[in-house]
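Visitor: One structure follows; several queries about it will come next.
Readers should treat all values here as calculations from the given coordinates under stated rules, not as data from a laboratory. Computed from a predicted model, the values in this text were never measured in an experiment. We place every Cβ from the backbone using ideal geometry, glycine too, and count neighbours over all the protein chains shown.
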Amino acid sequence: MNTTGTDIRLLRHGRSRSPYAIRPDQLPRALFVAELVARGLVHVAQDSFHGRAQPAALEELGMPVMIRADPDEDEIEAVIALGDGALALVDGDHGQVQIDVAALTRGGADAGVKRLRERLKAEPPVPERISIAFWMRGGDGGDVRHRQIDAPAFEEVSGNYPAGVRRQLERLVTTTEPERGRLILWRGPPGTGKSHALRALARAWAPWCSSHFIMDPEELLGSGGAYLLDVLSWDGDDEDRWRLVILEDAGELIATDARAIAGQALSRLLNVADGLLGQGTRTLLLITTNERLGRLHSAARRPGRCLAEIEFVPFATVEARAWLADRGQSREVKAPLTLAELYNEIDDAPAAVPDSPSRFGFARALDRPPRRGDGQEPIGSGPIGIGK
């Protein structure tokens with residue numbers, strides 16, 4: 001995205017504070033605004049992209065006015081004086097860079113944005129790793145962190161699903177820019193591979209759709225609308241792309257008694273799917289749940305609203321025996337087994353990664369550092385991430 005305008009506003013932050021209170025984390029932007037007003041820079045251009053902003057690189061681009069960096073958190077904020085009187089605000093956060101450039105002319109602001117983007121933009125990620133935006137409620141709306149996570153190709157993990165589930169997933173994975181239906185429902189008991197399928201879907205759709213994981217679905221659809229609007233209006237590299245908003249284990253929001261449990265959460269969710277909130281945003285919603293289908297609200301499942309409704313089920317006894325046989329195991333199977341239970345049947349299966357008390361399923365990607373170097377376990381070769 002690259003926009004230029006002259007509308008500069010100071011926002012109030014709470015009734016109990018002074019009219020224009022500034023928190024420490026807001027200091028770089030406050031300094032940027034104060035400097036551009038003092039210098040009479042009336043044109044501001046903005047952009048956001050995947051990349052890295054290191055202090056050394058910023059110093060090569062211009063004279064630093066202020067730099068705040070936290071290498072441990074991979075975060076940096078800086079105000080840089082560029083040539084020709086232009087001024088830049090740079091905010092780097094977990095592989096995502098947002099820049100604002102103020103200049104005397106529109107051409108000067110656009111040129112500053114182009115220069116910073118060329119210098120700071122990252123190379124395209126390798127196919128096995130994709131960028132996910134992880135959202136949580138912040139002080140004044142939504143707070144986002146970007147993370148590169150391992151994601152298998154669907155072909156690598158398709159054998160981990162019973163035939164009926166696999167066919168439905170294949171149809172969804174090969175979908176591009178759907179014409180109707182913005183809601184995707186995945187239902188199934190723990191251990192049936194929903195989280196692993198999420199990663200495969202995010203990788204398959206990466207060329208045309210970015211993925212946004214909501215850490216606190218009840219907050220997103222709860223009181224106030226700033227958080228939800230931040231998620232729907234964030235574009236980054238997505239100006240011409242769709243976005244997939246993922247709400248994991250959020251079945252209570254679409255249960256038959258959702259209105260009693262979550263207030264207006266169901267109404268807001270449906271409004272995003274096919275109402276005014278979602279208009280023009282090219283947003284898809286994917287909700288996973290352990291709830292039974294009969295427990296889900298009929299409004300969420302009505303024809304035309306759902307792009308896909310997939311029931312993740314255990315392997316029947318015949319399919320379970322075939323799955324084990326493909327992996328060199330000859331076992332007697334007398335009852336249906338989930339994918340997690342099948343992996344436990346393999347003698348040399350690697351130990352399962354214990355769930356963090358604060359994260360589970362797809363969100364566990366935040367707790368594992370990126371893999372580096374050779375000799376790592378191939379993607380899809382073990383049960384990691386198959387907890388949901």
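Visitor: Need one number: nm distance between label points at Glu59 and Glu170, each 7 Å from Cα along Cα→Cβ, rounded to one decimal.
Guide: Roughly 5.7 nm, to one decimal.
Visitor: Once phi is turned into ³J(HN,Hα) by the Karplus curve 6.51 cos²θ - 1.76 cosθ + 1.60 with θ = phi - 60°, what whole-Hz value does each residue of region 34-40 show in order, with x for glycine and proline?
Guide: Each residue's phi maps through the Karplus curve to give 4, 5, 5, 5, 5, 8, x Hz.
Visitor: Something else now. Once amide H atoms are placed 1.01 Å from N in the peptide plane, what residues at a sequence separation of 5 or more from Gly191, or on another chain, have their amide H within under 5 Å of its amide H?
Guide: It is Lys388, by chain and number.
Visitor: Continuing with this model, one more query. Spelling out what I want: for every residue of region 146-162, take phi, set θ = phi - 60°, compute 6.51 cos²θ - 1.76 cosθ + 1.60 (Karplus), and round to whole Hz; glycine and proline get x.
Guide: Per-residue couplings from phi come out as 9, 9, 8, 10, 5, 9, x, 5, 4, 4, 6, 10, 4, x, 8, 10, x Hz.
Visitor: Fully extended, how many nm does the chain gain between Arg327 and Glu311 (0.36 nm per residue separation, minus their Cα-Cα distance)?
Guide: Details: separation 16, 0.36 × 16 = 5.76 nm, distance 2.51 nm.
Going from the current span to full extension adds 3.3 nm.
Visitor: Same structure again: Just grab the label-to-label distance for Arg68 and Glu118, each label 7 Å out from Cα along the Cβ direction, in nm (one decimal).
Guide: 3.1
Visitor: Still on this structure, please answer the following. Starting from the Cα-Cα distance between Glu345 and Leu229, subtract it from 0.36 nm times their residue separation and give me the gain in nm to one decimal.
Guide: Numbers: separation 116, 0.36 × 116 = 41.76 nm, distance 4.59 nm.
Net length gain for the segment: 37.2 nm.
Visitor: Please list the non-local residues whose amide H lies under 5 Å from the amide H of Arg52, H modeled 1.01 Å from N, same-chain partners needing a gap of 5 or more.
Guide: Hits under the 5 Å cutoff: Ala122.
Visitor: Considering Cα pairs under 8 angstrom that are at least six residues apart, work out the relative contact order of region 130-230 and quote it in whole percent. Present the calculation step by step, with values, prior to reporting the outcome.
Guide: Working: 106 pairs, mean separation 44.6, N = 101.
Reported relative contact order: 44 percent.
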